[in-house]
Amino acid sequence: MTIFDTDRSGTIGFNEFAGLWKYIKDWQNVYRHFDRDQSGSIDSNELQDALRQFGYNLSPQLLHLVERKYGSGPGVGAAPQGITFDRFVRACVVIKQVSESFQRLDTDRDGWVQINYEQFMHTVLSLP
C-alpha cells in the first residue's frame, strides 16, 4: 500500500486511492485474460502462458514450485486446485522482484551468478 501513498502522509487520499483502484482493475483484466477457461482460478497451463508472456520462461520444476506455493489445494501433498486472483498477483510480483534482483547480480548476463551467503541474504532480505 505504501507505493500508492505518493505524498508519504501515512494515508491514502482520493487521487492515491484512484491509482490503487486502477492498479487492481488492471490486474483483474490480466487475470481474466489468462483464466481462459473462466474457472475463477489459474491452472498450470494458464500460469505458464501468463509468465511466458511476461517474459519469464520458468522450467517445469519452477512452475510446479510456484503452483504449490501460491495455489490453493485441499491439503498437504495434494495437487493444487489453481491460483486465485490475489495469489496470482502476489506470485507475479514476487517473480518479477526476484528476477530483477538476480539480473542486477548477473552483470555479464549469462544466467549465472556467484555470490556468498552474505550477498544472498542481503539480496533476499532487500526485496519488498
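The values are calculated or read from the model by the stated rules, or taken from the named source; none is laboratory data. Computed from a predicted model, the values in this text were never measured in an experiment. Because the Cβ atoms are built from the backbone with ideal geometry, glycine has one as well, and the counts that use them run over all protein chains shown. Areas reflect the complete protein model, heavy atoms only, side chains present, ligands, DNA and RNA absent. Shrake-Rupley method; radii C 1.70, N 1.55, O 1.52, S 1.80 Å.
Condition check: of a type outside the set (Gly, Ala, Ser) and touching a strand residue (DSSP E or B) at 6+ places or on another chain (Cβ under 9 Å). Does Ile24 satisfy that? Can you show your working first?
Numbers: of a type outside the set (Gly, Ala, Ser): yes; touching a strand residue (DSSP E or B) at 6+ places or on another chain (Cβ under 9 Å): no.
In short, no.
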Out of Pro74, Pro80, report the one residue that is surrounded by 13 or more Cβ atoms within 10 Å (Cβ to Cβ), under 16 Å from Asp43 (Cβ atoms), at pLDDT below 90 and not polar (S, T, N, Q).
Pro80
Exactly one condition in (1) without any contact (Cβ under 8 Å) to a residue 12 or more places away in the chain; (2) open to solvent by 80 Å² or more (accessible area, probe 1.4 Å) is not met by Met121; state its number.
(2)
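Table: residues versus (1) more than 14 Å from the chain's Cα centre (by Cα); (2) free of Cβ contacts under 8 Å to residues at least 24 places away in the same chain; (3) at negative phi.
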site: Leu51; (1), (2), (3): no, no, yes
site: Gln81; (1), (2), (3): yes, no, yes
site: Val89; (1), (2), (3): no, no, yes
site: Gln97; (1), (2), (3): no, no, yes
site: Thr107; (1), (2), (3): yes, yes, yes
Gly55 vs. criteria in a loop (DSSP other than H, G, I, E, B) and more than 16 Å from the chain's Cα centre (by Cα)
no
Can you tell me which residue in segment 1-29 is farthest from the chain's Cα centre (by Cα), limited to those that are aliphatic (A, V, I, L, M) and either outside any helix (DSSP H, G or I) or at pLDDT 95 or above (or both)?
Ile12
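I'd like to check something: does segment 30-43 contain any residue that is among the polar types (S, T, N, Q) and assigned to a helix (DSSP H, G or I)? Quick ask: steps written out before the conclusion?
Here is the first cut: in segment 30-43, the residues among the polar types (S, T, N, Q) are 38-39, 41.
Still in the list and also assigned to a helix (DSSP H, G or I): none.
Checked against the condition, which is being among the polar types (S, T, N, Q) and assigned to a helix (DSSP H, G or I), segment 30-43 yields no hits at all.
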Within segment 1-56, which residues are touching a Ser or Thr at 6+ places or on another chain (Cβ under 9 Å) and open to solvent by 100 Å² or more (accessible area, probe 1.4 Å)?
Arg8, Asn15
